Amino acid sequence: MSYETILTETRGRVLLITLNRPKALNAINRQLTAELIDAATRADADPGIGCIVVTGSERAFAAGADVKEMQAASYADMFAGDRFADWERFTALRTPVIAAVAGFALGGGCELAMMCDFILAADTAQFGQPEIKLGIMPGIGGSQRLTRFVGKSKAMEMCLTGRTMDAAEAERAGLVSRVVPAAELAAEAMKAAETIAAMSLPIAMMTKEAVNRAYETTLTEGVRFERRVFHAMFATEDQKEGMAAFVEKRPPRFSNR
Ligand code: CO8
């Protein structure tokens, strides 16, 4: 399938998806949503891809949902269309996904970054949920995920006032894993993605599932889930290979089995 609002490039075992609506600061419209989710779900089904990187431009990761597209919608349009439900296919991806964010990550852009597994930020990144200024609120998880990432006080302030957070504050607050100079963002994101893609894919998928479980359940249930998955890893060839390689002082050759 050819895409018009995103660019895709496979580099070894990494799929790089670049949001590409520069004139609209990568505002997320229906087409971009469909194309991004299509590219990501195809990669998820491809054992040759071990990590996905989602990025934007130097100026904007994404400045939000496309306001011009939503502006005239009625309640019935929003309810019947239920287009935000499509994002459940994105959050269900099993392949690790990194958001590499420079510039604006606002509204749906911040929400998209938070739907990825972790966020690497350029020092130019700005995060915010400014929807309230438009007479709406976050609609694809922002009120929930931002609160889990940065705590109630900061999330409430950001959602109620629409103020943005710079990269340094986002790192202090735990929203992003790391901040790097803008010129190094692409290389750092690829380095992290290649590191992940060199691991055993099923083990990485199980690890992602276990970490995500921390957001969905109690500590006791989460630890129990972790233990079951940990035990199951001993049924994989990659556990045998990983430990044999360590003992034999050589790099592992994972077979993804
Ligand atoms: N939607 C549509 N177009 C946009 C958007 C947007 N979210 N953001 C920027 N653009 C367009 C502008 O309209 C402008 O186009 P044009 O040249 O045709 O007028 C172009 O991008 C460049 O923007 P600016 O001229 O405004 O650039 P500035 O550098 O002056 O300002 C800002 C940059 C501060 C980012 C400013 O553009 C802005 O405030 N944008 C809107 C941010 C916002 O409110 N985002 C939240 C949108 S609502 C939302 O995300 C709801 C989420 C729930 C559903 C999510 C589903 C995916």
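The values are calculated or read from the model by the stated rules, or taken from the named source; none is laboratory data. Please read all numbers here as calculations on a predicted model, not as lab measurements. Just the protein is used for accessible areas: all its heavy atoms, side chains included, with ligands, DNA and RNA removed. Shrake-Rupley method; radii C 1.70, N 1.55, O 1.52, S 1.80 Å.
Find how much the distance from A187 to A73 grows on full extension, using 0.36 nm per residue of separation minus their present alpha carbon separation; answer in nm with one decimal. Write out the running numbers ahead of the final one.
Details: separation 114, 0.36 × 114 = 41.04 nm, distance 4.01 nm.
Extending this stretch completely gives an extra 37.0 nm.
Please report, as a whole percent, how much of the solvent-accessible surface of the chain comes from carbon and sulfur atoms (probe radius 1.4 Å). Intermediate results must be reported in sequence, preceding the final value.
On the way: 7770 of 13700 Å².
Reported share for carbon and sulfur atoms: 57 percent.
Using a/c under 1.5 as the rounded threshold, could you call the stretch 157-232 rounded, prolate or oblate? The axes a ≥ b ≥ c are square roots of the C-alpha gyration tensor eigenvalues, and prolate needs a/b larger than b/c, oblate otherwise.
oblate
List the residues whose amide H sits under 5 Å from the amide H of I98, counting only those 5 or more places along or on another chain, with H placed 1.01 Å from N in the peptide plane.
I52, V53, V54, D117
For V180, enumerate residues with amide H under 5 Å from its amide H, sequence gap 5+ or separate chain, H modeled in the peptide plane.
A121, A122, D123
Enter the accessible area of M70 (Å², nearest 10), with the probe set to 1.4 Å and all protein chains included.
Estimated to the nearest 10 Å², M70 gives 40 Å².
Only helical DSSP H runs with n ≥ 4 go in: add -39500 (n - 2.57) per run for the chain, normalise by residue count and round the 222 nm mean residue ellipticity to 500 deg cm²/dmol.
Taking each H run of at least 4 residues, the total per residue is -13000 deg cm²/dmol.
Considering only DSSP beta bridges where both residues belong to the chain, give the percentage that are antiparallel (nearest 5).
That works out to approximately 25 percent antiparallel.
Would you mind calculating the gained length between N20 and M156 on full extension (0.36 nm times residue separation, minus the Cα-Cα distance), in nm to one decimal? Let's see the in-between values first.
On the way: separation 136, 0.36 × 136 = 48.96 nm, distance 3.07 nm.
Gain on stretching N20 to M156: 45.9 nm.
Below 18 Å Cα-Cα, how many Lys pairs turn up in the chain? Only count pairs eight or more apart in sequence, or on different chains, if you could.
The number of close lysine pairs in the chain is 4.
With a 1.4 Å probe and all protein chains kept in place, how much accessible area does F90 have, in Å² rounded to the nearest 10?
Approximately 10 Å² of F90 is accessible to the 1.4 Å probe.
Solvent-accessible area per residue for the chain at a 1.4 Å probe radius, Å²? Each step should come with its number before you reach the end.
Working: 13700 Å² over 257 residues.
Accessible area per residue: 53 Å².
Mind running the shape call on the stretch 4-196? Use the C-alpha gyration tensor, a ≥ b ≥ c as the square roots of the eigenvalues: rounded below 1.5 for a/c, prolate if a/b tops b/c, oblate otherwise.
Oblate, since a/c reaches 1.5 and b/c is not below a/b.
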